[in-house]
1. Within the chain, what is the number of lysine pairs with alpha carbons under 19 Å apart, leaving out pairs fewer than eight places apart on the same chain?
2. Only Cα pairs under 8 Å and at least 6 apart count here; give the relative contact order of the range 1-211 as a rounded whole percent.
3. Could you give the distance between the Cα centres of the range 89-116 and the range 17-44, to the whole Å?
4. I need the calculated FRET efficiency for the pair L160 and T98, taking r as the beta carbon distance and R₀ as 41 Å, to the nearest 0.05.
5. Please list K185, K89, K146 in order of solvent-accessible area, largest first, computed with a 1.4 Å probe with all protein chains present.
6. Rounded to the nearest 0.05, what FRET efficiency is calculated for I187 and F211 with R0 set to 30 Å and r the Cβ-Cβ distance?
7. Using a 1.4 Å probe and counting only protein heavy atoms, arrange T150, T123, T98 so the residue with the most accessible area comes first.
8. Assigning unit charges at the beta carbon (Lys, Arg +1; Asp, Glu -1) and nothing else, what dipole magnitude in debye, to the nearest 20, does the range 1-211 show about its Cα centre?
Amino acid sequence: MHGSWSIWLISTSFAFLIARSFDPLIFLVVALFLFSVEPAYGLISERKVDRSLLIPAVFTLSLMIIAVTNKSVIPFILVYSLILALQIKFKDNLGAFTGIGSIVMTFPFPLITAYFSIDFFTTLRALIFLVLVVLFSYSLVLYRNKNKKTLALTFLTLLLIYSFSPTIAYGLFLIATALLFLAVKRISLKGVGKSLLTYQFFSILIYQFLFL
């Protein structure tokens, strides 16, 4: 749940940062999304049915209401529904299930930005950046724990190419990203969690100078 919570926090913070607005209603909906994760996981993995499924049910209902009143969220709902279906298909493969799940947890970002009617391409550009940051973070955990260096290097390269900007901000981002890659195998497991969360917050703040 910790990994889900941190990705949710970054995605939600990034969305409100891009939108430069806050609405308690949409925040309530994305909070319901967060608390739907554990009961939904229980249903998928163990076919566990109990009262906790009321939260995903309320979230689904609120999402349908938002979709009816604001059709700009529909494309993102459809795409993330397909990603969720793919995650369920890989429920017996822990690595794939977790990796795809990390993408699913970025859903608050497009939901909030679409709710505030942020330009589609502005949302898409920022969403791709967010997903790359999240997947790079996930690949670093695999690199540290299972020595899967190739995947981490791949996402490191993709992230730096996508984010390229001839600015001082990019230089800082490059240094922070490279240092995290070099340090991840040398710090404690608890330190990795804090380091990744700090890096993700740094990334969404530096995004303003890279793309906006």
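1. On the way: K48/K89; K48/K91; K146/K185; K146/K190; K148/K185; K149/K185; K185/K194.
Here the count comes out as 7.
2. Details: 183 pairs, mean separation 44.7, N = 211.
So the answer I get is 21 percent.
3. Centre-to-centre distance over Cα atoms comes out at 12 Å.
4. Working: r = 24 Å, r/R0 = 0.58.
According to the calculation, E is roughly 0.95.
5. Values: K185 90, K89 160, K146 130 Å².
Sorted by accessible area, descending: K89, K146, K185.
6. Values: r = 29 Å, r/R0 = 0.98.
With a Förster radius of 30 Å, E is 0.55.
7. On the way: T150 105, T123 0, T98 60 Å².
So the residues, ranked largest to smallest area, are T150, T98, T123.
8. 660
The values are calculated or read from the model by the stated rules, or taken from the named source; none is laboratory data. Everything numeric here is computed off the predicted structure, so don't read it as measured data. Note that each Cβ is placed from the backbone with ideal geometry, even for glycine, and that neighbours are counted across all protein chains shown. Just the protein is used for accessible areas: all its heavy atoms, side chains included, with ligands, DNA and RNA removed. Shrake-Rupley method; radii C 1.70, N 1.55, O 1.52, S 1.80 Å.
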